[in-house]
1. Pop a pseudo-label 7 angstrom from the Cα along the beta-carbon direction at both GLU68 and ASP56 and give the gap in nm to one decimal.
2. Taking square-rooted eigenvalues a ≥ b ≥ c of the alpha carbon gyration tensor, is the range 141-190 rounded, prolate or oblate, where a/c under 1.5 means rounded and, failing that, a/b exceeding b/c means prolate?
3. Taking the Cα-to-Cβ direction at HIS215 and at ALA35 and moving 7 Å from each Cα, how far apart do the two end points lie in nm?
4. About the Cα centre of the range 13-207, what is the dipole size in debye to 20, counting +1 per Lys and Arg Cβ and -1 per Asp and Glu Cβ, all else neutral?
5. How about LYS157: which lysines have a C-alpha closer than 24 Å to its C-alpha, ignoring those fewer than 8 places off in the same chain?
6. Using only Cα atoms, what is the ratio of the radius of gyration of the chain to 2.2 N^0.38 Å?
7. Can you sort ILE62, ILE127 from fewest to most other Cβ atoms within 10 Å of each residue's own Cβ?
8. When you have a sec, figure out the Kirkwood radius of the range 120-244 from all distinct Cα pair distances and drop it here in Å to one decimal?
Amino acid sequence: MARNLYQPNNLRDEKALVLFSGGQDSATCLAWALARFSSVETIGFDYGQRHRVELDCRSAVIECIRREFPAWAKNLGQDQTIDLAVLGEISQTALTSDTAIAFEQNGLPNTFVPGRNLMFFTFSAAIGYRRGARHLIGGMCETDYSGYPDCRDDTLKALQATLSLGMGHRFVIHTPLMWRDKAATWALAHALGGDPLVELIREETHSCYLGDRTHHHAWGYGCGDCPACQLRRRGWEAYAGAAG
Ligand code: ZN
């Protein structure tokens, strides 16, 4: 009988690549991966995003994990940032230019960067192919999100099939947050790493679309008004209310 590659014991020995932006969701996914795989690498993308401060937060989060979570630190491998400036140049959205954030006629906010997650996963698969990592992990979620079609479960399942076929290599796309709202994402962080991980994510990760790290709130740094800040605040309040 064929060996079942999906048994937990075998999974542990395999290599995973986490799409790590420096935000709350991908930091939670990084912890999720470190708790499951013995070898975890991280990848980030610089596409001229307005919230470039997110990229600075990446190294702060990684340093904190190395320092405060020794059991995870030994599983944490190299980190790399890929230059995707061309994505910012062609997309002209409120995430990559100095435009007010608003909703467009199709119901999507103008922060939507078309094809962003498709490109992120395609680049990650190309790197995973070379580095022997077939598990690709992203923080996409369609429970508590802005309606971006490339965050949807069906999109990513189709992409998993496309990448596996197109590269002749079995990839598995994991999206641990897909069916969790933001409060449940905080609860997952707590289940994985207790108060120290919640604290790390609250203080060191960044979600604000405007890149504001001058205003500090109970839920972390941000302008407090943009859609990302509102989601983060509401999630934190629901989590803290349930926990307290
Ligand atoms: Zn904000």
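1. Result for the modelled spin labels: 1.9 nm.
2. Because a/c hits 1.5 or more and a/b fails to exceed b/c, the range 141-190 counts as oblate.
3. Modelled inter-label distance: 3.2 nm.
4. Values: 18 positive and 24 negative charges, 129 e Å.
Roughly 620 debye for the range 13-207.
5. Straight-line reach from LYS157, under 24 Å: LYS15, LYS182.
6. Details: Rg = 17.4 Å, N = 244, 2.2 N^0.38 = 17.8 Å.
Ratio of Rg to 2.2 N^0.38 Å for the chain: 0.98.
7. Values: ILE62 20, ILE127 16.
Sorted ascending by nearby Cβ count, the order is ILE127, ILE62.
8. Working: mean 1/r = 0.0625 Å⁻¹.
With all distinct Cα pairs of the range 120-244 included, I get 16.0 Å.
Throughout, read-outs are computed from the coordinates displayed, never taken from laboratory work. Nothing here was measured: the structure is a model prediction, and the numbers come from that model. Please note: Cβ atoms are built from the backbone with ideal geometry, for glycine as well, and neighbour counts cover all protein chains shown.
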